[in-house]
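Okay, so here's the structure we're looking at.
The values are calculated or read from the model by the stated rules, or taken from the named source; none is laboratory data. Since the structure is predicted, the reported quantities are computational estimates derived from the model, not experimental observations. Counting neighbours? That spans all protein chains shown, and the Cβs are built from the backbone with ideal geometry, glycine included. The protein model used for the area step is the full one, side chains on, heavy atoms only, and it has no ligands, DNA or RNA in it. Shrake-Rupley method; radii C 1.70, N 1.55, O 1.52, S 1.80 Å.
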Amino acid sequence: MKILMIGSGGREHALIKKLLESPKCTKLYCAPGNGGISRDAEIVNIGVMDKENMVKFAKDNAIDLVFVAPDDPLAAGMVDAFQAEGIRAFGPNANAAIIEASKVFSKNLMKKYGIPTAKYEVFDDPEKAITYVKAENTVPVVVKADGLALGKGVIIAQTIDDAVAAIKSIMEDKQFGDSGNNIVIEEFLTGPEVSVLAFTDGKCVKPMVSSKDHKRAYDNDEGLNTGGMGTVSPNPYYTDALAEECMETIFKPTIEAMNKEGRPFKGCLYFGLMMTPNGPKVIEYNARFGDPEAQVVLPRLKTDLVDICEAVIDEKLSDLDIEWYDGAAACGGYPVSYKKGIEMFGMDDKGQVDGAIVYHAGTKYENGKFYTNGGRVLGVTATAATLDEALEKAYAAVDKISFEGMHFRHDIGRTK
């Protein structure tokens, strides 16, 4: 099979490495890709939102399977564009990707179908939103831009003044552009966070192994709320009993709710969960693999990813037994803005450590050398029998890499 991956980050690199393990994959392209991906796939210089040229490339090159990985093209109907031309594509249609593309939609969906989530209100007027937070006078409070914002459209306000500033920043200053035309203000939930990705064909839902994301930029959960500084799998807080409860109260009801709304979801659905004192609740949905969650979940996948993609597309997921490797995985990343063009050293694909792997997100490869080329630069991942061993390997691999301004957290995987 000839496969086209759409995207350019560490998630896409992790997906590519997993697809390459399949004996069915004979040729792999990536549009637009990055420096590290160029070592594993043929780079195609087409932007992720360019539906017309993506479809043309797929037709001209007889592509058998397209994997649409990022949120923006999914929300814009990239999968729909391929399907209209009879090209098989993995990912939700635009009318299902709205579960991530609009937080207003997803919150209203949960309320309508009784799926546990935080209490919330929706606003399209900043003054009304400010009046509401002042009247409620409850902090912390969460302020969310309605639309897509690269995973950064959520502000946890510790004071009422912070909440007012967040509302103005999102709605008046348009920090996230049109994504902030509407906002969701919701109660702040407490408890351990759990990320669960799930394969679904719209009828059957099969959760993947759990993971735990660390979003704050600095050690001890301090600093900016980023798209993700690092992850571990499995999540130490996610027990078998909790997994069963989430399946019955969240996973299945979500798939059923989307069907009842005439928006069947096929692809990878991400559940961002909080294990509150009152049971598991949904913080957010994503319509695709999380980044950097994919980098710890995919190395543990034993079943052929191509087979899974085909089962999802053909609505035969219930016929497939998805297997996972035992043990644990850990990934550390660097998601702060970086100067571009800085030479990187120690860039061995395997991290120079047995059991480690380096996923590229913001790199460029020229004349046999790697250079920084974006925000999250790398995700250094390792697998091992235990989480402690995986973390030790991952950090040993990080120690082999160096470049000017390099930043990473030192406490990924530590539980308080």
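In this simple spin-label approximation, F105 and K339 carry label points 7 Å from Cα along the Cα→Cβ vector, and these lie 4.2 nm apart.
Computed extension length for M247-E21: 78.4 nm, one decimal, from 0.36 nm per residue of separation with the Cα-Cα distance subtracted. Suppose we look only past 41 Å in the calculated P(r) of the chain. What percent of the Cα-Cα pairs does that tail hold? Result: 10 percent of Cα pairs exceed 41 Å. For segment 367-416 versus segment 264-320, the spacing of their alpha-carbon centroids is 24 Å. Here segment 86-111 is scanned for amide nitrogen atoms under 15 Å from the site 7 Å beyond the Cα of E187 along Cα-to-Cβ, giving 111. Approximating the spin labels as points 7 Å out from Cα along Cα→Cβ, the S38-to-R216 distance works out to 3.8 nm. So, counting K/R as plus one and D/E as minus one, what does the shell of residues with Cβ under 10 Å around M78 add up to? Cβ neighbours under 10 Å give a net charge of -2.
Using the crude model of +1 on Lys and Arg Cβ and -1 on Asp and Glu Cβ, and no other charge, please compute the dipole size for segment 1-119 relative to its Cα centre, in debye to 20.
The calculated dipole for segment 1-119 is roughly 520 debye.
Charge dipole (Cα centre; +1 on Lys/Arg Cβ, -1 on Asp/Glu Cβ; no other charges) of segment 266-416 amounts to roughly 740 debye.
Remark: segment 115-209 projects, on average over all directions, an area of 7.4 nm² (convex hull of Cα atoms). Note on exposure: R409, R88, R39 ranked by accessible area (1.4 Å probe, complete protein assembly) read R39, R88, R409, with the most exposed listed first. Label sites at E323 and E127, each approximated as a point 7 angstrom past Cα along Cα to Cβ, lie 6.4 nm apart. Once the Kirkwood radius over Cα pairs is known for segment 257-416, the Stokes-Einstein relation at 37 °C and 0.692 mPa s delivers a diffusion coefficient of 183 µm²/s.
Surface composition of the chain: carbon plus sulfur atoms contribute 47% of the solvent-accessible area (1.4 Å probe, protein chains only, all chains present). The residue among Y29, F345, G91 whose Cα reaches farthest toward the positive pole of the charge dipole of the chain, with charges on the beta-carbon of Lys, Arg, Asp and Glu, is Y29.
Note on D72 and E52: the extension gain reaches 5.7 nm, defined as 0.36 nm multiplied by sequence separation minus the Cα-Cα distance.
In this model, which of K144/K340; K24/K112; K107/K400; K24/K281 are farther than 32 Å apart at the alpha-carbon? With Cα atoms farther than 32 Å apart: K24/K112; K107/K400; K24/K281. For the chain, a crude dipole built from +1 on the beta carbon of Lys and Arg and -1 on the beta carbon of Asp and Glu, taken about the Cα centre, is about 380 debye to the nearest 20.
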